[in-house]
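The values are calculated or read from the model by the stated rules, or taken from the named source; none is laboratory data. From a predicted model like this one, the values you see are computed outputs, not experimental measurements. A quick note on method: Cβ atoms are made from the backbone with ideal geometry, for glycine too, and the neighbour counts reach across all protein chains shown. Protein only, heavy atoms only, side chains kept; ligands, DNA and RNA dropped before computing areas. Shrake-Rupley method; radii C 1.70, N 1.55, O 1.52, S 1.80 Å.
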Amino acid sequence: MDAIDCDIHPWLPGLAALSPYLDDFWRDQIVERGMTQLDSQSYPIKAPLSVRADWRGADGMPPRGAEALAAQALDRWGTRIGILNPLAGIQLLLNVDMATAFTSALNDWTRAEWLDRDARLRASIVLPLQSVDACVAEIERLAPDPRFVQVLVLAMGETPLGRRQNWPIWEACLRHNLPLAIHAGSSYRNPVTSVGWPSWYLEDYVAQAQGFSSTLASLLTEGVFSKFPTLKVVLLESGVTWLPAFLWRLQKTWKGVRFEIPWVDRPPAEIIRDQVRLSVQPLDAPEDAGIVARIIDQIGSEYMLLWASDFPHMQFEGDQHTHPGLPEALHAKLRWDNPLATYDRIRTSILEGAAA
């Protein structure tokens, strides 16, 4: 099918894989400190949700390398372009210098081991939010490579993403025509729920929707969307069905207290429809076309939704990669038209390829 998969996860098998992309000091530190993995609690490697059973190799691990991933996530469905979103736990590191070095190595690993090996792959620039300056520097370093099509952060970090200290990052995104992708996950500096630390992984995963709504509220109320009105924000693995109630409550309350945020000078739902996009994996809805159609109607836009497989996470079985409740008439828009309208760098590369 003619499709752009907006959320594919390459697996980092261990810190040793980053060694070729680190300088001598940090390469030695991996050995001296006995560091082996950078897995996050958000996606424990042995959890069934993290990797679908039939996508695990004989060793129980996800696919290793671009060839194996392409066979399962691209060739299987005839996907034309896939965007890689590495989820190694660099956001968990407390040492700013280490986080910066490992993040740069992760991005270089993605470029060398994945992008250079399959022309259909694109990737996100993973950012070390431990340092705003380091984030801007990493964008400037990698933006000249058009195969990097967005920047990537997690939904829950040390502070809300809308805070003014982060604005130089979003300014750099605009300067290089890069959407801001926000993926489910946490740096675990704060509890993932508003009432404290949970006991179970189930609580953690379900609470991600709360994290996304808080992050989206921060971007709006702090003025990010007003300051950067052409910035596109892509929510990955956020779910979708929480959005209508969130928009309703946000806009209702804004009408009463809009004087405190005068820079939000038009209805919040209208701003969010213009600048925010969501992947439809998971959709978090029953397999009922009527219910799904009603949710899309409540969101008020068919242009906000992007197709994604979320490979290799276990969001569906077999080849049912699109939620059965999504109207067939929307499939081409979700898989192709909406991603092209979101990712200018992909659209440009396709136009240039057609011209050639």
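Here are some residues: Leu127, Leu87. Which one is crowded, with 24+ Cβ neighbours inside 10 Å and more than 30 Å from Leu351 (Cβ to Cβ)?
Working: Leu127 fails: more than 30 Å from Leu351 (Cβ to Cβ).
Answer to the check: Leu87.
Test each condition in (1) at pLDDT 95 or above; (2) in a loop (DSSP other than H, G, I, E, B) for Arg277 and report the one that comes out false.
It fails just one condition, (2).
Where residues in region 20-78 are basic (Lys, Arg) and at pLDDT 90 or above, which of them is most open to solvent (accessible area, probe 1.4 Å)?
We begin by selecting, within region 20-78, every residue basic (Lys, Arg); these are 27, 33, 46, 52, 56, 64, 76.
If we keep only those that are at pLDDT 90 or above too, we end up with 27, 33, 52, 56, 76.
Values: Arg27: 75, Arg33: 131, Arg52: 10, Arg56: 56, Arg76: 94 Å².
Once the filter is applied, the top-ranked residue is Arg33.
I'd like to know if region 34-54 contains one or more residues that are in contact (Cβ under 8 Å) with a residue 40 or more places away in the chain, outside any loop (DSSP other than H, G, I, E, B), in contact with a helix residue (DSSP H, G or I) (Cβ under 7 Å, 6 or more places away or on another chain) and closer than 20 Å to Glu113 by Cα.
no
Just to be sure before I move on: is Gly325 among the small types (Gly, Ala, Ser) and surrounded by 15 or more Cβ atoms within 10 Å (Cβ to Cβ) in the structure I sent?
Numbers: among the small types (Gly, Ala, Ser): yes; surrounded by 15 or more Cβ atoms within 10 Å (Cβ to Cβ): yes.
So Gly325 fits the description; yes.
Starting from residues that are touching a helix residue (DSSP H, G or I) at 6+ places or on another chain (Cβ under 7 Å) and open to solvent by 30 Å² or more (accessible area, probe 1.4 Å), keep the ones in region 194-221 and report whichever is modelled with the highest pLDDT.
Result: Pro198.
Which of the following residues is surrounded by fewer than 17 Cβ atoms within 10 Å (Cβ to Cβ) and either at pLDDT 95 or above or within 25 Å of the chain's Cα centre (by Cα) (or both): Pro262, Pro282, Pro268? Break it down stepwise before answering.
Values: Pro282 fails: surrounded by fewer than 17 Cβ atoms within 10 Å (Cβ to Cβ); Pro268 fails: surrounded by fewer than 17 Cβ atoms within 10 Å (Cβ to Cβ).
Within the list Pro262, Pro282, Pro268, the selection yields Pro262.
Listed here are the residues, each with its yes/no results for (1) under 22 Å from the mean Cα position of the chain (by Cα); (2) surrounded by fewer than 19 Cβ atoms within 10 Å (Cβ to Cβ); (3) part of a loop (DSSP other than H, G, I, E, B).
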position	(1), (2), (3)
Ile296	yes, no, no
Ala329	no, yes, no
Thr348	yes, yes, no
Glu352	no, yes, no
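Got a number for residues in region 260-274 being more than 18 Å from Ser301 (Cβ to Cβ) and in a loop (DSSP other than H, G, I, E, B)? So that I can check it myself, show each step before the final result.
Keep residues of region 260-274 that are more than 18 Å from Ser301 (Cβ to Cβ), which gives 260-265.
After this cut, where a residue has to be in a loop (DSSP other than H, G, I, E, B) as well, the list is 261-265.
The total comes to 5.
Would it be correct to say that Thr103 is hydroxyl-bearing (Ser, Thr, Tyr), farther than 22 Å from Ser279 by Cα, in contact with a strand residue (DSSP E or B) (Cβ under 6 Å, 6 or more places away or on another chain) and not in a loop (DSSP other than H, G, I, E, B)?
Numbers: hydroxyl-bearing (Ser, Thr, Tyr): yes; farther than 22 Å from Ser279 by Cα: yes; in contact with a strand residue (DSSP E or B) (Cβ under 6 Å, 6 or more places away or on another chain): yes; not in a loop (DSSP other than H, G, I, E, B): yes.
Answer is yes for this residue.
Would you check if Asp5 is in a helix (DSSP H, G or I), open to solvent by less than 40 Å² (accessible area, probe 1.4 Å), modelled with pLDDT of 95 or more and acidic (Asp, Glu)?
On the way: in a helix (DSSP H, G or I): no; open to solvent by less than 40 Å² (accessible area, probe 1.4 Å): yes; modelled with pLDDT of 95 or more: yes; acidic (Asp, Glu): yes.
Against the criterion (in a helix (DSSP H, G or I), open to solvent by less than 40 Å² (accessible area, probe 1.4 Å), modelled with pLDDT of 95 or more and acidic (Asp, Glu)), Asp5 does not qualify.
Within the bounds of region 149-171, is there any residue that is touching a residue at least 60 places away in the same chain (Cβ under 8 Å), in contact with a Lys or Arg (Cβ under 6 Å, 6 or more places away or on another chain) and more than 21 Å from Gly239 (Cα to Cα)?
Yes, region 149-171 contains a residue that is touching a residue at least 60 places away in the same chain (Cβ under 8 Å), in contact with a Lys or Arg (Cβ under 6 Å, 6 or more places away or on another chain) and more than 21 Å from Gly239 (Cα to Cα).
Could you grab me the full set of residues in region 90-104 that are surrounded by fewer than 23 Cβ atoms within 10 Å (Cβ to Cβ) and over 18 Å from Leu154 (Cβ atoms)?
Within region 90-104, the subset surrounded by fewer than 23 Cβ atoms within 10 Å (Cβ to Cβ) is 92-100.
Asp97 - this is the single residue of region 90-104 that is surrounded by fewer than 23 Cβ atoms within 10 Å (Cβ to Cβ) and over 18 Å from Leu154 (Cβ atoms).
Given the conditions (1) under 18 Å from Val276 (Cα atoms); (2) open to solvent by 40 Å² or more (accessible area, probe 1.4 Å); (3) in a helix (DSSP H, G or I), report the number of the one that Leu340 does not fulfil.
(2)
Counting residues that are at positive phi, which strands (runs of 3 or more DSSP E) fully inside region 126-239 reach at least 1? Please lay out each step first, then the result.
Numbers: elements: 148-156, 180-186, 233-236.
Those strands (runs of 3 or more DSSP E) span 180-186.
Test each condition in (1) in contact (Cβ under 8 Å) with a residue 40 or more places away in the chain; (2) touching a helix residue (DSSP H, G or I) at 6+ places or on another chain (Cβ under 8 Å) for Ser131 and report the one that comes out false.
That leaves (1) as the condition not met.
Which condition number does Val292 fail, the rest of (1) closer than 27 Å to Leu87 by Cα; (2) buried (at least 20 other Cβ atoms within 10 Å of the Cβ) being met?
(1)
For the subset of region 154-166 comprising residues that are open to solvent by less than 60 Å² (accessible area, probe 1.4 Å) and out of contact with any Gly (no Cβ under 9 Å at 6 or more places or on another chain), which member is nearest to Leu87 (Cα to Cα)? It would help to see each step written out before you state the result.
Pass one, region 154-166, residues open to solvent by less than 60 Å² (accessible area, probe 1.4 Å): 154-157, 159-162, 166.
Checking the rest, the ones that are also out of contact with any Gly (no Cβ under 9 Å at 6 or more places or on another chain) come to 157, 159-161, 166.
Working: Gly157: 14, Thr159: 19, Pro160: 20, Leu161: 18, Asn166: 21 Å.
The selected residue is Gly157.
Do any residues in region 92-103 that are under 14 Å from Glu138 (Cα atoms) have Cβ atoms under 6 Å from those of residues that are part of a helix (DSSP H, G or I), where the two are at least six apart or on different chains, and which pairs are they?
Once the first residue is under 14 Å from Glu138 (Cα atoms) and sits in region 92-103, its partners that are part of a helix (DSSP H, G or I) give Ala99/Ile90; Thr100/Ala134; Ala101/Trp26; Phe102/Ile90; Thr103/Ile90.
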